[in-house]
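Participant: This is the structure, below, for whatever I ask next.
What follows is calculated from the coordinates using simple rules that are stated; it is not laboratory data. Values in this document were obtained by computation on a predicted structure and should not be read as measured data. Cβ: placed from backbone, ideal geometry, glycine included. Neighbour counts: every protein chain shown.
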Amino acid sequence: MDEQNINKKEQYDQQKGVELTVLRRKKMRRRITFWLVVLVVLIGSVWGLAKVASRMPENSPVGAMDKVSGDDWVKGNPAATNILIEYGDFQCPACRAYFPLVEQLVKEKGDRLQFIYRHFPLPQHKNAKPAAYASEAAGVQGKFWEMYQLIYEGQNNWKDVRDAKDIFVDYAKTLGLNLDDFKKDLGSDVIKSKVESQAKGGTQAGLNSTPTFIFNGKRIQPQNYEEFSNLIP
Amino acid sequence: MSIFSRRIIWAMVAVAFLGFLDAVFLTIEHYTNNIPPCFALTGCEQVTTSVYATVAGIPVALAGAAYYFLILVVGLLYLDLRNAKLLTAMSYLPIVGLLASIYFVSLQLFVIKALCLYCVVSAMTSTTLFILGLIVLQLRKKEVSHE
């Protein structure tokens with residue numbers, strides 16, 4: 001091989017080398033873009049999901065649901081302008097968990113607040129309706145809130161029982177109610193239709209979960225006592 | 001590896017992404033709701049608040065998210081590096097998900113007696129991943145026998 005040829009070959013190799021580096025760089029850039037896109041999509045979607053998941057239906061107006069009716073059970077100060085309405089299901093564990101928070105709220109701010117409890121028994125909770133009837137039957141004898149308390153406090157004792165009625169009759173006995181009247185009222189159509197109409201009102205307003213709290217006409221979802229307490233300064 | 005099987009890996013990545021989002025959603029729900037409310041007409045409340053929703057304090061949704069994330073990353077690594085070992089992993093990893101899904105669906109059907117839509121979606125994504133993994137395995141066997 002003469003010198004000229006060697007020079008040509010060197011030149012060729014050099015050019016090839018440059019092309020290779022350019023190609024390699026291009027490839028590298030493509031890989032970096034690929035993983036960057038992956039990273040952005042992953043982080044973006046998780047962030048978006050976190051937003052969606054925490055989209056509490058807060059502060060959405062609830063239409064006619066916040067009208068206080070003469071049928072409603074009121075705790076606190078019936079003249080107070082702050083109105084907290086709970087649509088509850090006695091068998092729902094979340095309602096049970098909120099029960100002491102509401103009790104504390106009424107105890108501390110009861111002079112500036114009226115708390116109203118309405119029934120929204122969910123279909124999957126078989127004992128929720130009998131519990132609602134029991135509270136209303138006790139209400140006939142003026143002990144709605146006392147029964148309400150016993151039912152929530154004893155939730156674990158009756159929620160999985162086949163026939164919870166006996167347990168509610170026991171509660172009535174504890175409260176010193178007239179048992180014959182109580183048992184009669186448990187099956188009364190007036191009470192059944194009251195529970196039914198409250199639940200229907202909730203469904204019509206688009207309720208699908210319990211407990212649903214409505215404070216002064218707006219749906220709220222406090223996660224702890226502090227958030228409840230902040231409602232009423 | 002043919003373009004066809006690379007497409008399958010892309011499909012697996014997409015399905016794993018779907019499963020990942022689903023599991024992440026359930027995980028976020030698990031941790032953000034201090035008190036998860038009861039929802040009407042869905043079994044999710046019973047399922048996600050049951051004792052089976054956590055194992056040793058870890059929500060199974062989180063484990064699911066980690067599983068889908070693993071498949072997602074292995075699939076993407078294969079698309080980047082074209083390493084045969086990663087392809088093997090893509091064929092065999094979904095077996096874990098399939099077995100877990102069979103376990104969780106039977107729990108829902110026979111023990112908890114309620115179905116949660118998000119969990120059913122997860123069962124479907126993991127079954128799809130398993131089937132796609134099988135197809136990848138078959139394609140590779142064919143390629144090997146052709147050589």
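Participant: Quick one: net charge around A:Y152, please, counting Lys, Arg +1 and Asp, Glu -1 for every other residue with C-beta under 12 Å from its C-beta.
Facilitator: -3
Participant: Tell me the mean residue ellipticity at 222 nm calculated for chain B from its helices only (DSSP H runs of n ≥ 4, each -39500 (n - 2.57), averaged over every residue, nearest 500).
Facilitator: When only DSSP H runs of four or more count, the value is -26000 deg cm²/dmol.
Participant: For segment B:3-146, what value does the Rg/Rh ratio take when both radii are computed over Cα atoms and Rh is the Kirkwood radius, given to two decimals?
Facilitator: 1.05
Participant: In percent, what relative contact order does chain A have, based on Cα pairs under 8 Å that are 6 or more apart in sequence?
Facilitator: RCO, chain A: 27 percent.
Participant: Full-extension gain between B:L137 and B:S50, please, as 0.36 nm times their residue separation minus the C-alpha to C-alpha distance.
Facilitator: My answer for the length gained is 27.6 nm.
Participant: Expressed as an acute angle from 0 to 90° and rounded to the nearest 10, what is the orientation of the C-alpha long axis of helix A:128-140 relative to the principal long axis of chain A?
Facilitator: 30
Participant: Where the Cα atoms of the protein assembly as shown are projected onto their three principal axes, how long is each span, largest first, in whole Å?
Facilitator: 121, 47, 34
Participant: Taking only C-alpha pairs under 8 Å that are 6+ residues apart, what is the relative contact order of chain B in percent?
Facilitator: Computed over chain B, the figure is 35 percent.
Participant: If you count, for every residue in A:37-45, the Cβ atoms of partner chains within 10 Å of its Cβ, what is the mean?
Facilitator: Neighbouring Cβ atoms belonging to other protein chains average 2 per residue here.
Participant: From the Cα trace of segment A:126-217, what convex hull volume per residue do you get, rounded to a whole Å³?
Facilitator: 111
Participant: In nanometres, what is the gap between the two model label sites at A:Q11 and A:D170, each 7 Å from Cα along Cα-to-Cβ?
Facilitator: So the label points at A:Q11 and A:D170 sit 10.3 nm apart.
Participant: Let me ask something else about it. Using +1 on the beta carbon of Lys and Arg, -1 on that of Asp and Glu, and nothing else charged, what's the dipole of the protein assembly as shown about the Cα centre, debye to 20?
Facilitator: That gives the protein assembly as shown a dipole magnitude of about 1620 debye.
Participant: Within 10 Å of each Cβ in A:92-98, how many Cβ atoms from other chains are there, averaged over the peptide?
Facilitator: Going residue by residue through A:92-98 and averaging, the value is 4.
Participant: Let me ask something else. How far is helix A:165-174 tilted, in degrees, relative to the longest principal axis of the Cα atoms in chain A, given as a value from 0 to 90 rounded to the nearest 10?
Facilitator: For helix A:165-174, the angle is close to 60 degrees.
Participant: State whether segment A:1-160 is rounded, prolate or oblate according to the following rule on the C-alpha gyration tensor (a ≥ b ≥ c being the square roots of its eigenvalues): a/c under 1.5 gives rounded; otherwise a/b larger than b/c gives prolate, and the remaining case gives oblate.
Facilitator: prolate
Participant: Over the whole of A:116-122, what's the average partner chain Cβ count within 10 Å per residue? Rounded to a whole number, please.
Facilitator: What the average comes to for A:116-122 is 1.
Participant: Please name whichever of B:L26, B:V51, B:S106 sits farthest to the positive end of the charge dipole of segment B:3-146, dipole taken about the Cα centre and charges placed at Cβ: Lys and Arg +1, Asp and Glu -1.
Facilitator: Result: B:S106, furthest along the dipole toward the positive end.
Participant: Right, another one. Can you tell me the 0 to 90 degree angle between the C-alpha axis of helix A:144-153 and the longest principal axis of chain A, rounded to 10?
Facilitator: Long axis of A:144-153 versus the principal axis of chain A: about 50 degrees.
Participant: Let me ask something else about it. Cross-link partners among lysines for A:K26, C-alpha distance below 17 Å, same-chain residues fewer than 8 apart left out?
Facilitator: A:K16
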